[in-house]
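The values are calculated or read from the model by the stated rules, or taken from the named source; none is laboratory data. This is a predicted model, so every value here is computed, not measured. Because the Cβ atoms are built from the backbone with ideal geometry, glycine has one as well, and the counts that use them run over all protein chains shown. Heavy atoms of the whole protein, side chains included, go into the accessibility calculation; ligands, DNA and RNA do not. Shrake-Rupley method; radii C 1.70, N 1.55, O 1.52, S 1.80 Å.
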Amino acid sequence: MTCAARPETSSPRIAIAGAGIIGLSCALELARRGAAITLYDPNTPGRGASWAAAGMIAPAFEAASEPGVHPQLFDLCLESARLWPEFAAHLETESGETVGYAAGPSLAVAASEAMAAHLDGILDTLTKRGLPGQRLDMDAARRIEPALSPDLRGVLQLTTDGHVNNRAVVSALLALCERHPRIMLERTPAPLQSHDDALDVEGHDFILITAGWQSGELKVTEHGKQFSLANWDSSLDEIDTYGGQMLSVERRADHPATTLRAGPIYMVPRGDQLVIGATMEPGRTTGMPNTDDVTNLLQDASRIVPSLADARITSAWSGIRPGTPDFAPFLGRTRQPNMFVAAGHYRNGILLTPITARIVADLILGGDSSDLAAAFAPSRALPAQV
């Protein structure tokens, strides 16, 4: 399906494989800078992990003290969080749609001693960086959010952490891409071809891979046969799958009005609904959502917010997060000189959308790479997987 007239052939032409929130945002940023884009995806644009997420913009909770993550992931997350107010404002102005950006603060809570120790680590990192973060006693926390259980072991107020309506963001990005004169959307797989070990998409100068966990599974045609794209850059084979199940409940007056984090659990008020997530299931891509898993997730959430014990579930769904061994995205040039990748964002795809689009456009169109961007090159050293 072609959604716009073919751009001028004098522009740099870029083929993008994958039309999730990363692919859409990169397409728009590149087109704004003068490139001509063909965006390929056989699936409905933006309806994968981008649609399943809850819209968390949470640099402190996700990266300030998370074990095993890339040592500069917190820096990348912070920089992207700083870009979000302007990014959201531009989306709303240009699309005419509201994207529900809320800068924060959110509350991170602990229901166990182990979770309390994790909060201590977050606060320690924030203090060392001179960033805002405040420990609250339960009386203070429950004045902010009365729905919280009085039996929690600790609460942090995280000024840096907010959220956005990710589905509204995807809808706005898609609308802008569909009407941009330099962007074409094709509802087919990217026609990757190999000629003498060099990759190309006919008529394009560059290739950008943004297909999330399916990036390594993209097919390349060589001598009439098809092979996995991972054969041309094995780093793409390092992007693993992490299934996640979520639900929403009808939000009552005694349910949270504040975004809450508690270990893997989050609760995000969204109008008359409360979004609750998420399971974390390495390697899982099928059999979701599952009734028992969703029920258990709601039970876990009710230990944080007791009034959820009898909440009415209105919807349940699932998504597949793409993650690398250090839980940070691959951003940059692959082993193929004309091919770039932006994939493997794990739980931070929504948060990292603005910085990813900026880094990718800088690299492809200007050849520029900041020290921060270079730290996330797909050729970086990765921790050994157990």
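Key figures for this structure:
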read-out	value
Residue within region 258-267 that is at pLDDT 95 or above and not in a strand (DSSP E or B) present	yes
Residue satisfying all of: in region 270-280; open to solvent by 20 Å² or more (accessible area, probe 1.4 Å) and either assigned to a strand (DSSP E or B) or touching a Ser or Thr at 6+ places or on another chain (Cβ under 6 Å) (or both); modelled with the highest pLDDT among these	Q273
From I239, I207, residue being under 15 Å from C26 (Cβ atoms) and surrounded by 19 or more Cβ atoms within 10 Å (Cβ to Cβ)	I207
Hits in region 320-330 - residues which are in a strand (DSSP E or B) and open to solvent by less than 10 Å² (accessible area, probe 1.4 Å)	G323, F330
Residues of region 365-386 satisfying the condition of being open to solvent by less than 10 Å² (accessible area, probe 1.4 Å) and outside any loop (DSSP other than H, G, I, E, B)	A373
I313, sole failed condition from (1) out of contact with any strand residue (DSSP E or B) (no Cβ under 6 Å at 6 or more places or on another chain); (2) open to solvent by 10 Å² or more (accessible area, probe 1.4 Å)	(1)
Pair list, Cβ under 9 Å, 6 or more apart: region 178-198 residue over 27 Å from G46 (Cβ atoms), other residue part of a strand (DSSP E or B)	S194/D200; S194/V220; S194/T221; S194/E222; S194/F227; H195/E222; D197/E222
Residue match in region 173-186 (condition: within 16 Å of the chain's Cα centre (by Cα), open to solvent by less than 20 Å² (accessible area, probe 1.4 Å) and at pLDDT 95 or above)	yes
Near pairs, Cβ below 8 angstrom, 6+ apart or cross-chain, from region 284-312 (closer than 28 Å to I144 by Cβ and modelled with pLDDT of 95 or more) to any residue that is part of a helix (DSSP H, G or I) and of a type in the set (D, E)	none
Region 130-171, subset in a helix (DSSP H, G or I), of a type outside the set (A, V, I, L, M, F, W, C) and without any contact (Cβ under 8 Å) to a residue 40 or more places away in the chain, residue farthest from R270 (Cα to Cα)	D139
Only listed residue being in contact with a Phe, Trp or Tyr (Cβ under 8 Å, 6 or more places away or on another chain) and at pLDDT 95 or above, chosen from S149, S228, S194, S215	S194
Residue satisfying all of: in region 331-364; assigned to a loop (DSSP other than H, G, I, E, B) and out of contact with any His (no Cβ under 9 Å at 6 or more places or on another chain); farthest from I239 (Cα to Cα) among these	P337
Answer from A140, A168, A190, A147 - the residue that is surrounded by fewer than 23 Cβ atoms within 10 Å (Cβ to Cβ), of a type in the set (A, V, I, L, M) and more than 30 Å from A117 (Cα to Cα)	A168
From the options H90, H195, residue that is closer than 30 Å to K225 by Cβ and either touching a strand residue (DSSP E or B) at 6+ places or on another chain (Cβ under 6 Å) or open to solvent by 40 Å² or more (accessible area, probe 1.4 Å) (or both)	H195
Residue match in region 10-23 (condition: assigned to a strand (DSSP E or B) and surrounded by fewer than 24 Cβ atoms within 10 Å (Cβ to Cβ))	yes
